[in-house]
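Novice: Below you'll find the structure I mean.
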Amino acid sequence: MTILPQQTLSASVPVSEHDLGWRAVCERDQSFDGQFVYGVTTTRIYCRPSCPARRPLIKNIRFFTEGSEARAAGFRPCRRCEPDCVKSTDGALARAVRICGRLKDEESMPTLTQLANAEGISPAYLQRQFRRVVGVSPAEYARQLRADRLRDQLAKGSSITEAIFNAGYGAGSRFYAEAYALLGMTPRQYQAQGETMKIYFALAESSLGQVLVAQTAKGVCAILLGDDPEELLQDLQRRFTRAELIGGDAGFEQTVAQIIGLIESPNKRHKLPLDMQGTAFQRKVWQALGRTVPGQTLTYSELAKAINQPGAARAVASACAANPLAVAVPCHRVVRSDGGLSGYRWGVERKRELLQRESNAADSARR
Ligand SMILES: [Zn+2]
């Protein structure tokens, strides 16, 4: 039932009033009360978004801006939630839809201040409100829009210059930085499906068994743990099918040593440059994991809330499972809601040990 919000709010862009309204209904989000009502076609009753009654099927829902509209269409107010007894609040939903529309239409990205001025509110308030409704900031939303357009263009086989232009990007250099962040590689590499990407790797032994470390020119792109070096190498090949894999040189050793140290003391903050290759949504989850506290665990739902996408716990769990950067992106801190360890890509025993090391460090720090 709550699958739709995930689709709406992850990296995919289209946000319609209907999607947002449905998300509000699914989550019984009180902050939407007064902003719209929904009518259920099978019962001819209309409710406020947070109505405690059983949620109807999405196909039986009609959205109305206000109660009078619903009544005019032959619906009557629900006695349980009294949808007409709530005052219109901040108009966040209508505003978010308006701004999404504007960002879709405009070639150049308006600044937050420009958007806020047009709405007659402060930039900080707009940022907060938009984030609450859509799940990401207006700037992030616009970036994802452009990245989608860019992927489209590149997939259609447009030249890179053409694709950049058609996706609504301006000057080249800023675009490249942004495109890299969005695509996880440069547009040229994206077009060549990573064909030209060089990846250096090294295998080493750690207290948790074998570790494979790999890095691109941008930073560490994989830290894989296991028992069998051969299997780790195959895993790396599977993850970066068309990249050129090159055995690491002496200069790489320092990075490997740092990672071995991190496995020993997972509570320590590291300063390794990471090259997180994943979708915009996955990277968002991985970045949030980087902000978690050593020695403390959290659940998938808590992590979903931390990225302002409370409905996306399942998508968050998949992003954790896809994490290619063991320990450096501490997905081992995420546990089941009953406290159980649940799975770990690199073996639940390793997860238990990492958590144990963190909690020991936290204990001795307290002493
Ligand atoms: Zn109701």
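Novice: Filter segment 79-93 down to residues that are charged (D, E, K, R) and modelled with pLDDT under 80 and give me whichever is farthest from the ligand (Cβ to nearest atom). Can you show your working first?
Specialist: At the first step, the residues of segment 79-93 found to be charged (D, E, K, R) are 79-80, 82, 84, 87, 90.
Pick out the ones that are also modelled with pLDDT under 80 and you get 87, 90.
Working: K87: 17, D90: 21 Å.
Once the filter is applied, the top-ranked residue is D90.
Novice: With among the aliphatic types (A, V, I, L, M), open to solvent by 20 Å² or more (accessible area, probe 1.4 Å) and in the same structural domain as G209 (by TED's automatic domain parsing) as the only criterion, which of L298, L274, L245 stands out?
Specialist: From the options L298, L274, L245, the qualifying one is L245.
Novice: Let me ask another. I need the full set of residues from segment 103-117 which are surrounded by 14 or more Cβ atoms within 10 Å (Cβ to Cβ) and modelled with pLDDT of 85 or more, in order please.
Specialist: Initial filter on segment 103-117 (surrounded by 14 or more Cβ atoms within 10 Å (Cβ to Cβ)): 103-104, 109-110, 112, 115-117.
Within segment 103-117, L112, L115, A116, N117 qualify.
Novice: Just give me the residues in segment 203-225 being of a type in the set (V, I, T) and within 24 Å of the chain's Cα centre (by Cα), in sequence order.
Specialist: We begin by selecting, within segment 203-225, every residue of a type in the set (V, I, T); these are 211, 213, 216, 220, 223.
Those that are of a type in the set (V, I, T) and within 24 Å of the chain's Cα centre (by Cα): T216, V220, I223.
Novice: Working carefully through the options V316, V335, V329, find the one that is surrounded by fewer than 19 Cβ atoms within 10 Å (Cβ to Cβ) and in contact (Cβ under 8 Å) with a residue 24 or more places away in the chain. Break it down into steps so the answer makes sense when it comes.
Specialist: Values: V316 fails: surrounded by fewer than 19 Cβ atoms within 10 Å (Cβ to Cβ); V329 fails: surrounded by fewer than 19 Cβ atoms within 10 Å (Cβ to Cβ).
After applying the criteria, what remains is V335.
Novice: Of the residues R44, R71, R28, which single one is within 13 Å of the ligand (Cβ to nearest atom), out of contact with any strand residue (DSSP E or B) (no Cβ under 7 Å at 6 or more places or on another chain), outside the structural domain of G135 (by TED's automatic domain parsing) and open to solvent by 10 Å² or more (accessible area, probe 1.4 Å)?
Specialist: Values: R44 fails: out of contact with any strand residue (DSSP E or B) (no Cβ under 7 Å at 6 or more places or on another chain); R71 fails: within 13 Å of the ligand (Cβ to nearest atom).
Of R44, R71, R28, the one residue that is within 13 Å of the ligand (Cβ to nearest atom), out of contact with any strand residue (DSSP E or B) (no Cβ under 7 Å at 6 or more places or on another chain), outside the structural domain of G135 (by TED's automatic domain parsing) and open to solvent by 10 Å² or more (accessible area, probe 1.4 Å) is R28.
Novice: Can you name every residue in segment 229-242 that is surrounded by 13 or more Cβ atoms within 10 Å (Cβ to Cβ) and in contact (Cβ under 8 Å) with a residue 40 or more places away in the chain?
Specialist: Result: R239, F240.
Novice: Filter the helices (runs of 4 or more DSSP H) completely within segment 62-135 down to those with at least 3 residues that are touching a residue at least 60 places away in the same chain (Cβ under 8 Å).
Specialist: Numbers: elements: 67-72, 92-105, 112-119, 123-134.
Because the criterion is at least 3 residues that are touching a residue at least 60 places away in the same chain (Cβ under 8 Å), the helices (runs of 4 or more DSSP H) in segment 62-135 that meet it are 92-105, 123-134.
The values are calculated or read from the model by the stated rules, or taken from the named source; none is laboratory data. Note that the structure is a prediction, hence the values are computed from the model and not measured. Glycine gets a Cβ as well: all are built from the backbone with ideal geometry, and neighbour counts include every protein chain shown. These area figures cover heavy atoms from the full protein model, side chains too; ligands, DNA and RNA do not enter into them. Shrake-Rupley method; radii C 1.70, N 1.55, O 1.52, S 1.80 Å.
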